[in-house]
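The values are calculated or read from the model by the stated rules, or taken from the named source; none is laboratory data. Remember, predicted model here, so these are calculated numbers, not experimental data. Positions of Cβ are generated from backbone atoms using ideal geometry, with glycine treated the same way; all protein chains shown enter the neighbour counts.
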Amino acid sequence: MTITDRTLLERNKLFRDISLGGIEHILKGCQAVTLTSGATLLEAGQKNASLYLVLDGELRVYLNGPDLPVHAVLGPGECVGELSLIDGGSSAALVMAAQDTRLLAVPHEQVWAMVDSSNDIARNLLAILAGRIRNDNLLQVTTPDNSLEFEVATNVDSLTGLHNKNWLCEAFRRMAQRCEHSGMPLFLLLADIDRFKDFNDRHGHLAGDSVLKGVARILAVNLRPQDLLVYMGGDRFAVLLAEKLSDDAMRMAERLHEAVAAPVLRIHTADDPKAIKEGHISVSIGVSAVQHGHTLAEALAVADETLSQAKMDGGSRVIMAAAQG
């Protein structure tokens, strides 16, 4: 395993907050897999005996064929094949590479060996499964139509693979009700990519799309399964999270801010789509506590005002809205 690959593995959701030292002997038996753009990793109904950890590149998941809207976009830090790991069955979806992609294929018996050796890996695997199931369940309850193709087209953004603002309307109502019953405060984070219009004007929309997908992946990897992430359109993302204290919500916002700023993003440019430039991106984040009885529009208005203040203060910062009386 190269130093680069080790660093990429440490960022995978399966290994969050753990050291690879104790399981390195297990990982040595795993095989690296390289897919060219357009290649198929898994077919629906195909027997699958491995958990695939995405090192770099991008996978797209289709529930009913590539001619229908994409169900999920998986980038570095994500994994695929976890459901067949649990039930020993076949793949439930078609998984294809949207660009050249490198993965580590971990045979199921070696995944279970890692679970046996580390409670933290077991916890992370359960969190991944819970997040996947929760997202799929939310897709099924946000529209009255039982057609999954219709639900995905209505509620998932095809570029980023994230849920969209249409989906947020119902998800907000349900999460607000749940927090009201549990007594847990609800917070809304609104994130905006700094100087994104200037970036698009300078590098072109293809490069801008690369940035949007990169930021979406970074945010998704650094959130917990219970947090709700939404692409609002343009250069804006929203996060709903339940926290006991406003300080905890601020810590999460700071974590997301630092995570976006840390990596060097690989950007495809309009001049030469095959060429890749590297650059740093930052976001500004407005954080607000959702008041009891507030509608989504009211909550977004407070977060938007706070985000505007962060942008006026120079950008690349996190600001909490003042407590409302």
In the set ALA216, ALA220, ALA191, the lone residue that is closer than 20 Å to ARG11 by Cβ, under 15 Å from the mean Cα position of the chain (by Cα) and not in a helix (DSSP H, G or I) is ALA191
One residue is enough: does the stretch 234-254 have a residue meeting the conditions among the β-branched types (Val, Ile, Thr) and at pLDDT below 95? no
Within the stretch 199-226, of all residues that are of a type outside the set (A, V, I, L, M, F, W, C) and either closer than 17 Å to VAL260 by Cα or at pLDDT 90 or above (or both), the one surrounded by the fewest Cβ atoms within 10 Å (Cβ to Cβ) is ARG224
Out of all the residues in the stretch 220-262, which are in contact (Cβ under 8 Å) with a residue 40 or more places away in the chain, among the aliphatic types (A, V, I, L, M) and closer than 18 Å to GLY315 by Cα? ALA238, MET250, MET252, ALA253, LEU256, ALA259, VAL260, ALA261
